[in-house]
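Asks: Okay, handing you the structure first.
Where a number appears in this text, it was derived from the coordinates with a stated rule and is not lab data. What you see is a predicted model; the values in this text were computed from it and never measured. Cβ: placed from backbone, ideal geometry, glycine included. Neighbour counts: every protein chain shown.
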Amino acid sequence: MTTRSARRPLGVCLCLLVLSPGWASAQEPDTVELLVRVFDGLQDVTVDCRISVYAATSRETAVTADPDTDGWSHADVPAGFYDLQVARRDANGVIAITWAEQRSVLRYSDEAGLHREIINLQPGFGALLVQPPTAWIGTDRPWQVGAFLHGGIGRAGFAPTNAGDETP
């Protein structure tokens with residue numbers, strides 16, 4: 001049985017922990033740059049979409065993912081779970097609204113604070129982001145990518161096109 005005097009030091013410790021500056025800074029979430037692409041089957045339709053980012057299960061306040069010339073729509077958000085509303089438009093206005101729910105947006109150590117999210121409006125389509133090893137980017141080095149799906153298991157890999165060249 002806990003006595004009143006034994007609980008008091010615990011309460012004081014918890015109060016000091018909550019009020020300490022380290023506690024406040026530890027609770028501030030890291031901002032992640034969310035990049036979103038939208039496909040309709042094989043067609044990239046990102047430019048035709050307005051993407052609103054909501055905290056998961058909330059429809060109160062949205063952050064709009066702004067389109068950029070790189071083909072991605074960008075939004076800065078804290079790491080967490082989000083619901084994305086995709087409003088596809090044409091010359092006459094909105095033609096369809098689709099929700100991509102419970103998306104986990106994380107800061108990956110190898111992505112420099114970016115999180116890429118790809119949404120496909122058609123069922124049965126997945127996404128594969130193809131990027132060569134960093135050492136191959138911006139060089140004249142020829143490379144190819146191979147990908148396949150067999151029995152529900154997908155594989156992808158990079159290979160140099162020069163025979164015998166195995167260095168990344």
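Asks: For Arg59, what is the net charge nearby, where nearby means another residue's Cβ is under 13 Å from its Cβ and Lys, Arg count +1, Asp, Glu -1?
Replies: With Lys, Arg at +1 and Asp, Glu at -1, the net is -3.
Asks: Given H placed on each backbone N at 1.01 Å, which residues far from Asp40 in sequence or on other chains put an amide H within less than 5 Å of it?
Replies: Val45, Leu121
Asks: Spelling out what I want: for every residue of region 52-61, take phi, set θ = phi - 60°, compute 6.51 cos²θ - 1.76 cosθ + 1.60 (Karplus), and round to whole Hz; glycine and proline get x.
Replies: For region 52-61, the Karplus-derived couplings read 10, 10, 10, 4, 3, 6, 10, 10, 8, 10 Hz, x marking Gly and Pro.
Asks: Taking N as the number of residues in region 29-126, what is its Cα Rg relative to 2.2 N^0.38 Å?
Replies: Numbers: Rg = 13.0 Å, N = 98, 2.2 N^0.38 = 12.6 Å.
In units of the globular-protein estimate, region 29-126 measures up at 1.03.
Asks: Once you charge only the Cβ atoms, +1 for Lys and Arg and -1 for Asp and Glu, what is the size of the charge dipole of region 29-126 about its Cα centre, to the nearest 20 debye? Show your work: numbers first, answer last.
Replies: Numbers: 8 positive and 16 negative charges, 59 e Å.
Computed charge dipole of region 29-126: roughly 280 debye.
Asks: Pull up all non-local amide H partners of Ala79: gap of 5 or more, or a different chain, and H-to-H distance under 5 Å with H placed in the peptide plane.
Replies: Placed amide hydrogens put Asp30, Val32 under 5 Å from Ala79.
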